[in-house]
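Shown next, in structure tokens, is the structure this report addresses.
The values are calculated or read from the model by the stated rules, or taken from the named source; none is laboratory data. Treat the numbers as computed from the prediction; the structure is a model and nothing was measured. SASA here: full protein model, heavy atoms, side chains in, ligands and nucleic acids out. Shrake-Rupley method; radii C 1.70, N 1.55, O 1.52, S 1.80 Å.
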Amino acid sequence: MSFLTHGTGVAGIYAMYGYHDIELFDFQCLPGLPHEAVKRLASDEQFKYMDIVNLSFAGKNVTHIEIMTLDDCLDVLRKRSVIVGSAGNHGAQSSTLTYPAKHHAVIAVGAHDKVGKVKNDSAVGPKVAFMCPGVLVKTTGTKTTNSTNDLSGTSFATPMAGAFISHVLAVAEAMEGPEFRKYITRSDVMNAIC
């Protein structure tokens, strides 16, 4: 899958399922350097007022220095935004949760199909806060103006969680990102909505 297809698919899910007044920002990660992208996201003035940050990438072989950089940046982002991140497609074991979803500030999202069956390679476990549709999710395509794609993976389940959160934030505008994240990740709230 190309990076164009991946990013367009993620944006299309927000456009189709997110709150109707949602504003999308294009932010591309360079292959192999997601920690640098998150660093820019945390420091760039352009991204200062985003309510939701979607991190639809996962890294299995992240170095200690990259983890430290991610930790610092995500700690900055969490003070102003709700952060959702793909839990990873490395196998259905809780130990397979990868960065950045592994970070305590990120709401980790796994994938299931239309009937609720967990996707065979989706990360699962107590640290995965949301399980959302992530198998053959209909979204925008890149071939023509009216094309669509059916995409699978936690990368495409993550914007489904973000789209849900966009609706809740629209209703509860008085709550800021960190307050909302603390509220929404309480187990009683999660049990009621998942």
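In plain terms, the chain from residue 43 to residue 5 could stretch by 11.0 nm, reckoned as 0.36 nm per residue minus the Cα-Cα distance.
Were the residues from residue 24 through residue 76 laid out at 0.36 nm apart, the gain over their Cα-Cα distance would be 16.7 nm. Only protein heavy atoms count here; under a 1.4 Å probe, residue 16 has an accessible surface of about 90 Å².
Quick one: of 79/127; 79/117; 39/127; 39/138, which pairs are farther than 26 Å apart, Cα to Cα?
Working: 79/127 20 Å; 79/117 34 Å; 39/127 24 Å; 39/138 31 Å.
Where the Cα-Cα span goes over 26 Å, the pairs concerned are 79/117; 39/138.
In this view, the solvent-accessible surface of residue 167, computed with a 1.4 Å probe and all protein chains in place, comes to about 80 Å². The heavy atoms of residue 158 offer some 0 square angstrom of accessible surface to a 1.4 angstrom probe.
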